[in-house]
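Q: Next up is a structure, given as structure tokens.
The values are calculated or read from the model by the stated rules, or taken from the named source; none is laboratory data. Computed from a predicted model, the values in this text were never measured in an experiment. Here the Cβ positions follow ideal geometry from the backbone for every residue, glycine too, while neighbour counts run over all protein chains shown. Accessible surface is based on the protein model in full, side chains and every heavy atom, while ligands, DNA and RNA are left aside. Shrake-Rupley method; radii C 1.70, N 1.55, O 1.52, S 1.80 Å.
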Number of protein chains: 2
Amino acid sequence: MSILIVGSLAFDDIETPFGRSDDTLGGSSTYIALSSSYFCDEINLVGVVGSDFGKDHFRLLHESGIDTKGIQVKDTGKTFRWSGRYHYDMNTRDTLDTQLNVFADFDPHIPSQYRDSRYICLGNIDPELQIKVLDQIPNPDLVILDTMNFWIEGKPEALKKVLERVDVFIINDSEARLLSGDPNLVKSARIIRNLGPKTLIIKKGEHGALLFTDSGIFAAPAFPLESIYDPTGAGDTFAGGFLGHLARSDEQNDAELRKAVLYGSAMASFCVEKFGTEKLANLELLEIEDRYQSFLDLSRIEE
Amino acid sequence: MSILIVGSLAFDDIETPFGRSDDTLGGSSTYIALSSSYFCDEINLVGVVGSDFGKDHFRLLHESGIDTKGIQVKDTGKTFRWSGRYHYDMNTRDTLDTQLNVFADFDPHIPSQYRDSRYICLGNIDPELQIKVLDQIPNPDLVILDTMNFWIEGKPEALKKVLERVDVFIINDSEARLLSGDPNLVKSARIIRNLGPKTLIIKKGEHGALLFTDSGIFAAPAFPLESIYDPTGAGDTFAGGFLGHLARSDEQNDAELRKAVLYGSAMASFCVEKFGTEKLANLELLEIEDRYQSFLDLSRIEE
């Protein structure tokens, strides 16, 4: 099963109450690709990097079975950089610095050999670029989209255009309230699903996630972790695990969607245990299945 | 199965974005008793009221099968009054006025015919009074305790004394962090369970509840409601449903504790649908089982 992921690649400087990590490989597509790579062996990545994106970074992606032919290398510039500091409670963060660099004029070109990819995941980028990507994919099976406040407020019309072509929309609770204009998540979900996406996932951070489909609502718990070292990339990692399980099962019914949400949650729970992609890039399949089982136990009721 | 409930009876003036309700029957023991009355037919209530607590209020309790012989009536004073206003998001509220009235010198006397009650629920009152109650009950099967920030900060020593004698402690997330001094709920739970209660429930409002036992952690979702009219009493209603199911099943193993958390959640989800006890006092058993089933569906995974 082939997956196409389009999004940012970046270097992050991250500061949390537990320490700091500089020049950490990050970016939405990096987390999505690494996370989905445990479920699926054909991962095609499209993004842009600068001259500072070295062989070792490409090697890390290749070792996870990720195809990087779609990554444009702009030798004249530097890779997108983000720097942020998390507060004591880990739920809020301040962006200290953002340098778009080569990402500023990212023009996603989908290589011909990627155009028959069946599962498309559009990471958090300009909705106009997300439309450009979809225009290059004649006939995808499933389109998953992520976005953020910045685009909801800055490019609402383009976002609504792309949402009409999306199957699964992944968003967090504050973004859902912002996009729908309604503080109630159930009402927000109805409003947002009417914009196009049949399937909506609202992430609630440490409180889990809600899945809205025609079949109803599924509430996934968050894994009660004793220590969270770095929440960076958790949302993208969730998307990658979700996408990965769906592609692996190649089913899109309610039962598989629910499992996919739990796999996404399981992957995200690993992501936050170390800085950046450190934990995510070095998992065993058995660990993932164990964590998935822990998620099942977390809400198991003997009927 | 006999249940003894000790706590406040009150009249509330409640203001929410959806309207206001004055002189509404409230108080922790009222909500706990009404909620548990659907599960158990021997509910003994101990509290204090003033001359303004009329026949119709007693009738409402009697019609729910609640024994009120333990309610002291102080003709010289008025019933405890609370007045509060909820914010737009319904998660925060301002207390506008509190008049303790006869509740100020409440001295809980447990009638002799109540002293063999097997399930004891101590509502949110002064921990010194909670100790006084336990001293009058020779040999209870299960003691459930609720408290609040006010007592955690004001009477930590008395609270710790009573916790040593408690089986199930029900608290919300901010109170758990305050009592434990740790922002992480998993660590908080370990610290608090070391104070005595084998079973700890941490309520997270619209995000559900966590149950901590020797067998592990259970994460109960909150019911995704479209409209919440009045959160007043939801926590006590949760305790009542939890208590009620445990008393009904007369089992305290992990499986029944998990179900009890869902029944508590189901009852709380009804409570918030109308002002005060209006909905809670007028439920059908079938509605409760339907809501419980909805909670099961909410986190069901086909394995």
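Q: Write down the percent of antiparallel bridges among all DSSP beta bridges whose residues are both part of chain A, to the nearest 5. Walk me through the numbers before you get to the answer.
A: Working: 21 of 55 bridges.
The antiparallel proportion sits near 40 percent.
Q: Now for a separate question. Work out the length of the dipole vector of chain A about its Cα centre, built from +1 on the beta-carbon of each Lys and Arg and -1 on the beta-carbon of each Asp and Glu, and round it to the nearest 20 debye. Mind showing how you got there, number by number?
A: Working: 30 positive and 48 negative charges, 138 e Å.
Magnitude of the dipole: close to 660 debye.
Q: If R0 is 45 Å, what FRET efficiency do you get for residue B:286 and residue A:18 from their C-beta distance, rounded to 0.05?
A: On the way: r = 51 Å, r/R0 = 1.13.
It comes to 0.35.
Q: Right, another one. Which value does Rg/Rh take for the protein assembly as shown over its C-alpha atoms, Rh per Kirkwood?
A: On the way: Rg = 26.8 Å, Rh = 25.8 Å.
Dividing the radius of gyration by the Kirkwood radius yields 1.04.
Q: With θ set to phi - 60°, apply the Karplus curve 6.51 cos²θ - 1.76 cosθ + 1.60 along the range B:79-87 and write out the HN-Hα couplings as whole Hz, x wherever there is a Gly or Pro.
A: For the range B:79-87, the Karplus curve yields 6, 3, 10, 10, 9, x, 10, 8, 7 Hz.
Q: Could I ask something else about it? Going by average Cβ neighbours within 10 Å, how do the peptides B:128-141, A:123-136 rank, with the highest at the top? Intermediate results must be reported in sequence, preceding the final value.
A: Numbers: B:128-141: 16.1, A:123-136: 19.5.
Result, highest mean first: A:123-136, B:128-141.
Q: Shortest first, in nm, what separates the label point of residue A:128 from those of the same position in the other copies (7 Å along Cα→Cβ)?
A: 7.0
Q: Go ahead and estimate [θ] at 222 nm for chain A from helices alone: -39,500 (n - 2.57) per DSSP H run with n ≥ 4, summed, over the residue count, rounded to 500. The partial results should precede the final answer.
A: Details: 10 runs with 106 residues, N = 303.
It lands at -10500 deg cm²/dmol.
Q: Using the 7 Å Cα-to-Cβ label point, sort the distances from residue B:87 to its equivalents in the other copies shortest first and give them in nm to one decimal.
A: Label-point separations across copies, in nm and ascending: 1.2.
Q: Take peptide A:213-222, look around each residue's Cβ out to 10 angstrom, count Cβ atoms belonging to other protein chains, and average those counts.
A: 5
Q: Further, regarding this structure: Would you please give the FRET efficiency between residue A:56 and residue B:250, computed as 1/(1 + (r/R0)^6) with r the Cβ-Cβ distance and R0 = 51 Å, to the nearest 0.05?
A: Numbers: r = 63 Å, r/R0 = 1.23.
FRET efficiency, residue A:56 to residue B:250: 0.20.
Q: Let me ask something else. When ligands, DNA and RNA are left out and all protein chains stay put, how many square angstrom of accessible area per residue does the protein assembly as shown have with a 1.4 Å probe? Don't skip to the answer; put the middle values down first.
A: Working: 24030 Å² over 606 residues.
Computed with neighbouring chains in place, this is 40 Å² per residue.
Q: While we're here: On average over all directions, what projected area in square nanometres does the range A:1-128 have, based on the convex hull of its Cα atoms?
A: Values: hull surface 33.9 nm².
The orientation-averaged projected area of the Cα hull of the range A:1-128 comes to 8.5 nm².
Q: Moving on to the next point. Rounded to the nearest 100 Å², what is the sum over both chains of accessible area buried where B meets A, with a probe of 1.4 Å? If you can, show how the numbers build up before the last one.
A: Values: alone 13450 and 13460 Å², together 24030 Å².
Rounded to the nearest hundred, the buried surface is 2900 Å².
Q: If you put +1 on each Lys and Arg Cβ and -1 on each Asp and Glu Cβ, how big is the dipole of the range B:152-197 around its Cα centre, in Debye rounded to 20? Intermediate values should be presented prior to the final figure.
A: Details: 8 positive and 7 negative charges, 29 e Å.
Here the size comes out at about 140 debye.
Q: Something else now. If you take the Cα Rg of the range A:132-258 and divide it by 2.2 N^0.38 Å, with N the number of residues, what do you get?
A: On the way: Rg = 14.6 Å, N = 127, 2.2 N^0.38 = 13.9 Å.
In units of the 2.2 N^0.38 Å rule of thumb, it is 1.05.
Q: For the range B:231-295, what are the per-bin percents of Cα-Cα distances with bins 5 Å wide, up to the bin holding the maximum?
A: Percent of pairs per bin, in order: 4, 20, 28, 27, 14, 5, 1.
Q: Measuring nothing but label to label, 7 Å from Cα along Cα→Cβ, what are residue A:274's distances to the other copies in nm, shortest first?
A: Ordered by increasing distance: 5.6 nm.
Q: Counting partner chain Cβ atoms within 10 Å of every residue's Cβ in B:290-303, what's the average?
A: Details: counts 0, 0, 1, 1, 2, 2, 3, 5, 7, 13, 10, 12, 6, 5.
Averaged over the peptide's residues, the number is 5.
Q: Within 10 Å of each Cβ in A:183-191, how many Cβ atoms from other chains are there, averaged over the peptide?
A: Working: counts 5, 8, 4, 5, 3, 0, 1, 1, 0.
Whole-number average of other-chain Cβ neighbours for A:183-191 is 3.
Q: For the range A:2-298, what ratio Rg/Rh do Cα atoms give with a Kirkwood hydrodynamic radius? It would help to have the intermediate numbers written out before the result.
A: Details: Rg = 17.5 Å, Rh = 18.9 Å.
Reported Rg/Rh, Kirkwood definition of Rh: 0.93.
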